[in-house]
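Peer 1: Starting off with a structure, shown below.
The values are calculated or read from the model by the stated rules, or taken from the named source; none is laboratory data. What you see is a predicted model; the values in this text were computed from it and never measured. Positions of Cβ are generated from backbone atoms using ideal geometry, with glycine treated the same way; all protein chains shown enter the neighbour counts.
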Amino acid sequence: MDATEFRRRGKEMVDLIADYLENIEQRTVYPDVEPGYLRSLIPEEAPEEPDTYEDVVKDIERVIMPGVTHWHSPYFYAYFPTANSFPAMLADMLSGAIGCIGFSWAASPACTELETVMMDWLGKMLKLPEDFIAGTHGQGGGVIQGTASEATLVALLAARCRAVRMILASDPQRPETGITSKLVAYSSDQAHCSVERAGMIAGVRMKKIPTEQSDKYAVQGETLRRMIQEDKAAGLIPFYFCATLGTTPSCAFDHITELGHVSGPALYVSKIWMHIDAAYAGSSFICPEFRPLLNGIEFADSFNFNAHKWLLVNFDCSTMWVKKRSDLIGAFKMDPLYLKHDHQDVHSVCSTNPNPLIPLCLILSPTLPHPTAPSTSPYRTLSPPVPHTTSQHWQIPLGRRFRSLKMWFVFRMYGLKGLQDYIRKHVELAKEFESLVRADQRFEISADVVLGLVCFRLKGSNEVNETLLKRINNGRKIHLVPCLLSGQFVLRFALCARTTESRHIREAWQLITQLAEEVMQELPH
Ligand code: PLP
């Protein structure tokens with residue numbers, strides 16, 4: 001395909017996409033296929049001779065669409081949303097065309113600098129403390145990760161490194177393995193499974209903090225304090241706590257001010273790193289009325305949410321901030337010759353350096369004294385300088401796409417006001433659905449409706465609710481997933497699509513009540 005043909009095909013593809021999205025509600029939201037359906041529809045081997053573009057396009061409807069779950073259908077209410085907007089899709093096209101691998105400033109200056117500035121824009125929309133904003137006198141900054149799971153893991157690994165370094169600073173003879181085997185991390189029993197998995201990957205103990213329905217599934221400061229004290233008494237080293245704002249099952253919020261006081265610096269051998277996972281709810285904090293849910297952020301060392309969930313920036317764009325970038329970079333820095341560049345230790349390209357003649361990295365003090373003997377252990381080396389010109393040090397992979405283009409297009413074309421209106425519309429629709437549920441005596445609401453998620457169930461057994469959900473999803477007209485809250489099987493109704501309107505909600509409710517009627521007649525409840 002040459003540029004002339006690309007122009008033609010590209011325009012056709014834009015039409016195809018616009019048609020798909022405009023007519024998406026006519027498709028059944030959940031596909032009617034069995035595992036393995038696709039293999040029989042295409043050849044076993046890649047073609048020896050090229051296929052035509054027409055052949056490929058024809059196969060989109062024949063091969064692909066039958067197996068697509070339509071996440072952007074206004075009848076999709078499962079999981080949490082994944083964002084979708086036309087400006088983001090256009091930016092994604094441009095990002096694909098530029099096709100850079102922006103791991104450092106030299107690898108693509110615009111990619112590195114736009115990301116830093118977009119993270120600052122978004123951080124300011126969220127009213128994050130200045131510490132987290134790169135373009136200030138603070139020591140922090142933001143970076144785009146692929147997913148919230150990655151952000152949680154990156155924070156955990158950085159916390160592990162910081163904890164071991166702090167202990168070694170006061171006791172250099174202590175063997176590293178003797179420290180790492182004693183480390184213990186905490187998260188709510190409502191936290192996403194990716195938090196537990198981060199602990200598995202990092203090879204540290206991860207303890208779940210029990211929560212209660214009566215506390216709205218929020219971690220209580222007293223419970224965390226007790227667990228930490230018991231663990232310390234048993235010779236363990238508490239070093240990481242992952243708070244959740246907007247849990248996956250019910251969108252519950254930990255009270256981070258209270259928890260910040262508990263995990264605060266004064267109490268422990270190594271300061272406990274508080275990471276905040278707000279994967280879904282984070283987008284809502286751009287609205288002043290929801291911002292109080294983020295109060296206490298000043299206690300956190302790192303904070304992450306998925307702009308690709310609810311902020312109209314298509315996947316992937318998981319936005320993460322740290323208070324002290326040297327903590328993060330200190331854990332991950334690798335500096336082979338083939339990646340070095342002239343500007344790697346200069347910070348001023350991306351930040352407001354109080355004295356542009358002195359690179360910021362030379363002003364900021366390292367976290368540890370110099371080790372007495374040279375060592376290759378990451379725990380025994382000095383925290384590196386902290387430029388913002390080399391994003392590779394902020395993440396696990398080396399390569400990174402030009403994802404900030406999506407933020408730039410979306411933030412400019414919606415404006416803060418447009419983004420706030422979008423969030424508010426979803427919350428209003430969730431409230432509308434909640435009132436429909438509350439008006440029906442056969443149903444109950446299972447958790448507070450704070451944002452765009454409604455947890456509800458038929459009053460009665462788990463069996464009756466499981467059967468109801470099965471009927472709903474087998475019908476394929478709407479799609480929901482369940483959760484378990486205090487042992488009860490609960491249906492989650494999450495506002496997801498950009499185009500969902502009140503009529504879709506009412507239609508969905510009509511369908512749910514109709515199926516509930518059938519199920520209640522068939523089963524004892
Ligand atoms: N954390 C929370 C609270 C979530 O709800 C989710 C997913 O919905 C995740 C983490 C995982 O997100 P990701 O797929 O970006 O890793």
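Peer 1: If you check T177 against the conditions, is it within 16 Å of the ligand (Cβ to nearest atom) and over 20 Å from W273 (Cβ atoms)? Break it down into steps so the answer makes sense when it comes.
Peer 2: Working: within 16 Å of the ligand (Cβ to nearest atom): no; over 20 Å from W273 (Cβ atoms): yes.
Judged against the criteria, T177 is not a match.
Peer 1: Do we find that A243 is of a type in the set (A, V, I, L, M), over 26 Å from R498 (Cβ atoms) and within 11 Å of the ligand (Cβ to nearest atom) in this structure?
Peer 2: So A243 passes the test.
Peer 1: Output the residue which, of all residues in the stretch 273-288 that are in a loop (DSSP other than H, G, I, E, B) and either of a type in the set (S, T, Y) or touching a residue at least 60 places away in the same chain (Cβ under 8 Å) (or both), is farthest from the ligand (Cβ to nearest atom).
Peer 2: Residues of the stretch 273-288 that are in a loop (DSSP other than H, G, I, E, B), as a first pass: 278-280, 287-288.
Applying the additional criterion that residues be either of a type in the set (S, T, Y) or touching a residue at least 60 places away in the same chain (Cβ under 8 Å) (or both) yields 279-280, 287.
On the way: A279: 3, Y280: 5, C287: 19 Å.
Looking at the filtered set, the residue picked out is C287.
Peer 1: Output yes when any residue across the stretch 447-460 is assigned to a loop (DSSP other than H, G, I, E, B) and modelled with pLDDT under 95, and no when none is.
Peer 2: yes
Peer 1: In addition: How about the stretch 1-102: which helices (runs of 4 or more DSSP H) wholly inside it have at least 2 residues that are over 20 Å from N314 (Cβ atoms)?
Peer 2: 3-22, 53-59
Peer 1: Which numbered condition trips up I478, out of (1) modelled with pLDDT of 95 or more; (2) over 26 Å from the mean Cα position of the chain (by Cα)?
Peer 2: I478 satisfies all of (1) modelled with pLDDT of 95 or more; (2) over 26 Å from the mean Cα position of the chain (by Cα) except (2).
Peer 1: To continue, here is another question. Restricting the search to the stretch 481-520, which residues are over 25 Å from the mean Cα position of the chain (by Cα) and among the β-branched types (V, I, T)?
Peer 2: Listed by number, the residues that qualify are I505, I512, T513, V519.
Peer 1: If S326 satisfies all but one of (1) hydroxyl-bearing (S, T, Y); (2) buried (at least 24 other Cβ atoms within 10 Å of the Cβ); (3) within 16 Å of the ligand (Cβ to nearest atom); (4) in contact (Cβ under 8 Å) with a residue 60 or more places away in the chain, what's the number of the condition it fails?
Peer 2: It is condition (3) that S326 fails.
Peer 1: For the stretch 308-317, enumerate the residues that are surrounded by 24 or more Cβ atoms within 10 Å (Cβ to Cβ) and in contact with a helix residue (DSSP H, G or I) (Cβ under 6 Å, 6 or more places away or on another chain).
Peer 2: Across the stretch 308-317, the qualifying residues are W310, L311, L312, V313, C317.
Peer 1: Kindly list, by first and then second residue, each pair from a residue in the stretch 241-258 that is more than 13 Å from T211 (Cβ to Cβ) and among the polar types (S, T, N, Q) to a residue that is away from the ligand (no atom under 11 Å from the Cβ) and part of a loop (DSSP other than H, G, I, E, B), limited to pairs with Cβ atoms under 7 Å and residues at least 6 apart or on different chains.
Peer 2: Note: pairs meeting the criteria are T257/N295; T257/G296.
Peer 1: Can you tell me which residue among L128, L122 is in a loop (DSSP other than H, G, I, E, B), of a type in the set (A, V, I, L, M) and buried (at least 20 other Cβ atoms within 10 Å of the Cβ)?
Peer 2: Among L128, L122, only L128 is in a loop (DSSP other than H, G, I, E, B), of a type in the set (A, V, I, L, M) and buried (at least 20 other Cβ atoms within 10 Å of the Cβ).
Peer 1: Quick one: how many residues across the stretch 302-318 are within 21 Å of K425 (Cβ to Cβ), near the ligand (Cβ under 8 Å from one of its atoms) and not basic (K, R)?
Peer 2: 2
Peer 1: Continuing with this model, one more query. Taking the condition within 16 Å of the ligand (Cβ to nearest atom), in contact with a Leu (Cβ under 8 Å, 6 or more places away or on another chain) and among the β-branched types (V, I, T), does V195 pass?
Peer 2: The answer is no for V195.
Peer 1: Can you find a residue in the stretch 398-410 that is aliphatic (A, V, I, L, M), over 24 Å from H308 (Cα atoms) and not in a helix (DSSP H, G or I)?
Peer 2: Taking the stretch 398-410 as the starting set, the residues that turn out to be aliphatic (A, V, I, L, M) are 398, 405, 407, 410.
Those left that are additionally over 24 Å from H308 (Cα atoms): none.
Within the stretch 398-410, not a single residue is aliphatic (A, V, I, L, M), over 24 Å from H308 (Cα atoms) and not in a helix (DSSP H, G or I).
Peer 1: Within the stretch 480-492, can one find any residue that is out of contact with any strand residue (DSSP E or B) (no Cβ under 6 Å at 6 or more places or on another chain) and at positive phi?
Peer 2: Yes: the stretch 480-492 contains one or more residues that are out of contact with any strand residue (DSSP E or B) (no Cβ under 6 Å at 6 or more places or on another chain) and at positive phi.
Peer 1: Related question: I'd like the full set of residues that are more than 8 Å from the ligand (Cβ to nearest atom) and of a type outside the set (G, A, S), limited to the stretch 143-157.
Peer 2: V143, I144, Q145, L153, V154, L156, L157
Peer 1: Working only within the stretch 216-227, note down all residues that are surrounded by 18 or more Cβ atoms within 10 Å (Cβ to Cβ), in a helix (DSSP H, G or I) and out of contact with any helix residue (DSSP H, G or I) (no Cβ under 7 Å at 6 or more places or on another chain).
Peer 2: T223, M227
Peer 1: If S187 passes every condition in (1) within 16 Å of I272 (Cβ to Cβ); (2) within 15 Å of the ligand (Cβ to nearest atom); (3) surrounded by fewer than 16 Cβ atoms within 10 Å (Cβ to Cβ) but one, which one does it miss?
Peer 2: In the conditions (1) within 16 Å of I272 (Cβ to Cβ); (2) within 15 Å of the ligand (Cβ to nearest atom); (3) surrounded by fewer than 16 Cβ atoms within 10 Å (Cβ to Cβ), S187 misses (3) alone.
A quick yes/no check of all residues on (1) of a type in the set (A, V, I, L, M, F, W, C); (2) over 21 Å from G140 (Cβ atoms); (3) in contact with a Cys (Cβ under 9 Å, 6 or more places away or on another chain); (4) outside any helix (DSSP H, G or I):
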| residue | (1), (2), (3), (4) |
| --- | --- |
| V195 | yes, yes, yes, no |
| K208 | no, yes, no, yes |
| S214 | no, yes, no, no |
| Q229 | no, yes, no, no |
| P238 | no, yes, no, yes |
